[in-house]
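Visitor: First the structure, then my questions, so here it is.
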2 protein chains.
Amino acid sequence: MKVDLFATPSGIQEAFLKERTAVVIDVLRATSTITTALYNGCSKVIPVVDIEEALSIAKNYDPGTFLLGGERFAQKIEGFHLSNSPREYTRDAVEGKTIIFTTTNGTKAIRKASEARDIVIASFLNVTRVCDYIKEKGQDLAIICAGTDGRFSLEDILAAGAIASQLKNELDVKLDDLGLAGCFMYEKNRDNLAGILRNTLHYSRLVGLGFDKDIEVCLSLDTSPVVPVYRDGVNLTGVHLL
Amino acid sequence: MKVDLFATPSGIQEAFLKERTAVVIDVLRATSTITTALYNGCSKVIPVVDIEEALSIAKNYDPGTFLLGGERFAQKIEGFHLSNSPREYTRDAVEGKTIIFTTTNGTKAIRKASEARDIVIASFLNVTRVCDYIKEKGQDLAIICAGTDGRFSLEDILAAGAIASQLKNELDVKLDDLGLAGCFMYEKNRDNLAGILRNTLHYSRLVGLGFDKDIEVCLSLDTSPVVPVYRDGVNLTGVHLL
């Protein structure tokens, strides 16, 4: 199995994705939040790029059946129900509801992946289940990190490395250079991810905004059995692999 | 000092470079070869992107005063005097001559860097001297890796990490996420660079073509006291810092 890792969505050719499973990662915090929402029973997540698009889609839903969620500049969007904190997406808040969701980097990466044969959402929360899904599909892989403002973001690379590390222990995997780097860095830092991330851009920005508890949630390994799968270019629904 | 690391030249804004020192790295093999040529007394290196441009510039020189060097698909270009192997750029071959030089990834990266305030060429061969030059200039840094065919190339990131590692031991340095990753990977692998590079794309491609000895030369730390400096958007000349 070939595994190629991209630090940001830019520059990936759509033709490259056609026969691949795409795995989209935005550890802090979009893909951690999506996974949490689906684990807690929301009916689906609709990832959208623009706030306007989110508001427009919301008009198709009866009040009480949907929630608007996401962030700009790491903060809740005016008029939205929920921010981009996984801790807000409790069962009480989301069960049975449709989440219309937009974030700065993560939802763009999901849209970019939409040409792939299969598209799943990963974070530290569901590494093992994502690997199970990838093995079941048996396709070559494109792991697409959201990055931060178009730049390499280390927390995403470490989560990609966690997936690559687990796959190479079980399969004959051919990693590209960035995949090898991510795998090495994850394996050397798995016992203290916060240590290596302490000086990184997005992590320290979130700490500065007081989001320490979100970070702690987002760096927890395998706390969710759900694999969010993107279907029909519109919806994310959760596949539970138990 | 801010140090930002780019895995490839694409996507770097020219305005970002204006007040920075740019350090261009293509370990296998362009920047190792340029450093070697200047160490061995060539009068200058003219990096060009196209073969046609190289041939056109050569017309301005008398026979015997210049050499055409470089590669396409890692092999010598038809009609050129030298390939992209540092081992060909001996004092006997290059002393006093102008080298007109074109490679697949490296010379493009040099051109991309041309908007920076100062531009130097680095490889493992001159890490310490490049750091001396950077400290003397005192500007923020953009380390621009050539990459391989537009993708992240681990050998370049390790050399960038060697520079970042040395700078942070001596200065108050703020590394971006990729800089932190490069630094970590260099420090953990400095005693066996070939070990971590064995499965990487460009390294294994060169091994497959029989270039093992070139690789050995290119992974040697601090064998050259020369810092190639790009001047006037045209020429690379060597600054010897002893």
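Visitor: Karplus couplings for the range A:144-153 from phi (6.51 cos²θ - 1.76 cosθ + 1.60, θ = phi - 60°), rounded to Hz, Gly and Pro as x?
Guide: My calculation for the range A:144-153 gives 10, 7, 6, x, 10, 6, x, 10, 3, 10 Hz in order.
Visitor: Please check: in the Gaussian network model of chain A (C-alpha springs, under 10 Å), which one of A:184, A:16, A:80 has the largest mean-square fluctuation.
Guide: Maximum fluctuation in the GNM of chain A, among the listed residues, is at A:16.
Visitor: Here's a follow-up. From the label point of residue A:188, set 7 Å along Cα to the beta carbon, how far off in nm is each other copy's matching point, shortest first?
Guide: Computed spacing set for this position: 0.4 nm.
Visitor: So, R0 is 30 Å and r is the distance between the beta-carbons of residue A:128 and residue A:95; what FRET efficiency does that work out to, to 0.05?
Guide: 0.80
Visitor: In whole Hz, with x marking every Gly and Pro, tabulate ³J(HN,Hα) for the range B:51-67 from phi via Karplus 6.51 cos²θ - 1.76 cosθ + 1.60, θ = phi - 60°.
Guide: Listing the rounded values in order: 4, 4, 4, 4, 5, 5, 5, 4, 5, 7, 10, 6, x, x, 9, 9, 9 Hz.
Visitor: Please list, ordered by chain and number, the residues whose modelled amide H lies under 5 Å from the amide H of residue A:66; skip anything fewer than 5 residues away on the same chain.
Guide: Excluding prolines and chain starts, which carry no amide H, the hits are A:98.
Visitor: Write down, largest first, the equivalent ellipsoid semi-axes of the protein assembly as shown in whole Å, where each equals the square root of 5 times an eigenvalue of the alpha-carbon gyration tensor.
Guide: 46, 22, 20
Visitor: Kindly provide the helix-only [θ] at 222 nm of the protein assembly as shown, computed as the sum of -39,500 (n - 2.57) over DSSP H runs of four or more divided by all residues, to the nearest 500 deg cm²/dmol?
Guide: Working: 22 runs with 188 residues, N = 484.
Per the formula, -10500 deg cm²/dmol.
Visitor: Sticking with this one: What is chain B's relative contact order, in percent, from Cα pairs under 8 angstrom and six or more apart in sequence?
Guide: Worked out over chain B, it gives 33 percent.
Visitor: By how many nm would the segment from residue B:137 to residue B:53 lengthen if fully extended, with 0.36 nm per residue of separation less the alpha-carbon distance?
Guide: Numbers: separation 84, 0.36 × 84 = 30.24 nm, distance 3.19 nm.
Residue separation times 0.36 nm, minus the Cα-Cα distance, leaves 27.1 nm.
Visitor: Something else: Under a point-charge model restricted to the Cβ atoms of Lys and Arg (+1) and Asp and Glu (-1), what is the dipole moment magnitude of the protein assembly as shown relative to its Cα centre, in debye to the nearest 20?
Guide: Rounded to the nearest 20 debye, it is 20 debye.
Visitor: Is the shape of the range B:2-229 best called rounded, prolate or oblate, per the rule: a/c under 1.5 gives rounded, else a/b larger than b/c gives prolate, else oblate, with a ≥ b ≥ c the square roots of the Cα gyration tensor eigenvalues?
Guide: Prolate is the answer for the range B:2-229, as a/c is 1.5 or above and a/b outweighs b/c.
Visitor: Putting +1 on Lys and Arg Cβ atoms and -1 on Asp and Glu Cβ atoms, find which of A:104, A:165, A:60 reaches farthest to the positive end of the dipole of the range A:58-177.
Guide: In the range A:58-177, that residue is A:60.
Visitor: OK, next. Placing the label point 7 Å from Cα along the Cα-to-Cβ direction, what are the distances from residue A:2 to the equivalent spots in the other copies, shortest first, in nm to one decimal?
Guide: 3.7
Visitor: Ok, one more. Out of residues 5 or more away from residue A:101 or on other chains, whose amide H comes under 5 Å of its own, with H placed 1.01 Å from N in the peptide plane?
Guide: Amide H neighbours of residue A:101, under 5 Å, 5+ apart: A:46, A:48, A:69.
Visitor: Looking only at GluC sites (Glu not before Pro) in DSSP loops with at most 14 other Cβ atoms within 10 Å, what is the longest site-free stretch of chain A?
Guide: A:96-242
Visitor: Turning to a different aspect of this structure: For residue B:136, which inter-copy label distances result when the label point lies 7 Å beyond Cα on the Cα-to-Cβ vector, reported in nm to one decimal and in ascending order?
Guide: Copy-to-copy label distances at residue B:136, shortest first: 6.2 nm.
Visitor: OK, next. Where both residues lie in the range B:2-229, what percent of DSSP beta bridges are antiparallel, nearest 5?
Guide: Taking every DSSP beta bridge within the range B:2-229, about 10 percent pair in antiparallel fashion.
Visitor: Using only Cα atoms, locate the centre of the range B:156-197 and the centre of the range B:6-78, then give the distance between them in Å, rounded to an integer.
Guide: Using only Cα atoms, the two centres lie 24 Å from each other.
Visitor: Which of B:193, B:175, B:209 moves the most in a Gaussian network model of chain B with Cα springs under 10 Å?
Guide: Taking springs between Cα atoms under 10 Å, the residue moving most is B:209.
Visitor: Just list whichever of A:18/B:108; A:174/B:18; A:2/A:59; A:76/A:135 have alpha carbons separated by over 32 Å in the model shown.
Guide: Going by Cα-Cα distance, A:174/B:18; A:2/A:59; A:76/A:135 fall outside the 32 Å limit.
Visitor: Let me ask something additional. If you place +1 on the Cβ of every Lys and Arg and -1 on the Cβ of every Asp and Glu, how big does the dipole about the Cα centre of chain B come out, in debye to the nearest 20?
Guide: Details: 27 positive and 32 negative charges, 7 e Å.
Dipole magnitude for chain B comes out near 40 debye.
Visitor: Which longest run of chain A has no exposed loop site in it, a site being trypsin sites (Lys or Arg not before Pro) in a DSSP loop with at most 15 other beta carbons within 10 Å, and the site itself not part of the run?
Guide: A:118-189
Visitor: Given H placed on each backbone N at 1.01 Å, which residues far from residue A:72 in sequence or on other chains put an amide H within less than 5 Å of it?
Guide: Correct list: A:77.
Visitor: Still on this structure: Could you tell me the calculated FRET efficiency between residue B:62 and residue B:232, based on Cβ-Cβ distance and R0 = 25 angstrom, to the nearest 0.05?
Guide: Numbers: r = 22 Å, r/R0 = 0.86.
After rounding to 0.05, the efficiency reads 0.70.
Visitor: Further question: Compare A:89, A:230, A:203 in a GNM of chain A, Cα atoms joined below 10 Å, and give the one with the largest fluctuation.
Guide: Its mean-square fluctuation being the largest, the pick is A:203.
Visitor: To continue, here is another question. What percent antiparallel are the DSSP beta bridges of the range B:10-110, to the nearest 5? Each step should come with its number before you reach the end.
Guide: On the way: 1 of 11 bridges.
Beta bridges within the range B:10-110, antiparallel portion: roughly 10 percent.
Visitor: Looking at the protein assembly as shown, send over the antiparallel percent of its DSSP beta bridges, to the nearest 5.
Guide: Beta bridges within the protein assembly as shown, antiparallel portion: roughly 25 percent.
Every number in this text was worked out from the coordinates using simple rules, so none of it is lab data. Not measured: the values here are computed from a predicted model. Glycine also receives a Cβ, built like all others from the backbone with ideal geometry; neighbour counts cover every protein chain displayed.
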